[in-house]
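Written below as structure tokens is the structure these notes are about.
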Amino acid sequence: MLARIVRISLSTALLALGVAVALGAQNPAGRGGGRGGGRGGGRGRAIQVMTLTTTAWSDGGAIPTKYAQPGHEVSPPLAWTGAPDSTASFVLIAHDPNAATGNGTDDVLHWLVWNIPGSARALPEAFPQGPEQPDGTRQISVTGPYYRAPAAPANGPPHHFVYELFALDTVVAVPPTGAPPAATRAAVTAAMAGHVRAKAVLIGLYKRPQ
């Protein structure tokens, strides 16, 4: 058990470091309702703190089965406040840092949604599948253009599923198709560098029932 905890901690640390570097040291790592703001937003601007919530669970609480793979695999309703007036688009990254992949510097991508309109303040429950929505919103996950619900093993501790929302002062010119999900994630993350103006974080815990 100790070895497993050490591996998870190392993977999480490496992931946070990799994202921070990719975003130009914009300090994207945070916890609970968007903490983690600060200087480094590019061009001398500070990263503003937003709040990201869901009616499905409290921050840091258990994710209901409805929003997990044993349920209906519907995406949770999400809403946010505190976005800067200059926001051109939002990016949402939902991932499981307790499930490292590859060499341990990446993790399972459950949902990447980008080019959410800057006027938006919510994503509805059961967000429609497909690579691009009529309003220009694009999405991908490790398995396709849709929300991939949590599915942590039953024989272990709950996994931390992290939902990170970024407010950008630009629109991300990355197509939703034509590349593997990992490459698309890397391209979107790279395109965000220097353009993050605010951030919020929401965490949910989940593991399969025994």
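Just so it is clear, none of the values below were taken in a lab; they were calculated from the coordinates. All figures in this text were calculated on a predicted structure; none of them were measured in a lab. Ideal geometry is used to build each Cβ from the backbone, glycine not excepted, and the neighbour counts take in all protein chains shown.
Taking θ as phi - 60° and the Karplus parameters 6.51, -1.76 and 1.60, the scalar couplings of segment 55-61 work out to 7, 7, 7, 7, 4, x, x Hz in sequence order, x denoting glycine and proline.
Counting 0.36 nm for each residue step from Glu125 to Thr55 and taking away their Cα separation leaves a gain of 24.2 nm.
Shown for Ser119, Ser75: other C-beta atoms within 10 Å of each C-beta, ranked fewest to most, produce the order Ser119, Ser75.
Ordering Ile116, Ile203 from the fewest to the most neighbouring beta carbons within 10 Å gives Ile203, Ile116.
Counting other Cβ atoms within 10 Å as a rough exposure proxy, the listed residues Asp85, Asp59, Asp107, Asp135 run Asp85, Asp135, Asp59, Asp107 from fewest neighbours to most. Rounded to the nearest 20, the size of the Cβ-charge dipole of segment 66-133 about its Cα centre is 180 debye, with Lys and Arg at +1 and Asp and Glu at -1. Computed 3J(HN,Hα) for segment 62-68, one whole-Hz value per residue from the Karplus formula 6.51 cos²θ - 1.76 cosθ + 1.60 where θ = phi - 60°, is 7, 7, x, 4, 3, 9, 10, glycine and proline marked x. Across segment 75-92, coupling constants 3J(HN,Hα) worked out from phi with the 6.51/-1.76/1.60 Karplus curve, θ = phi - 60°, read 6, x, x, 10, 9, 9, 9, x, 6, x, 5, 7, 5, 9, 6, 10, 10, 10 Hz, and Gly and Pro carry x.
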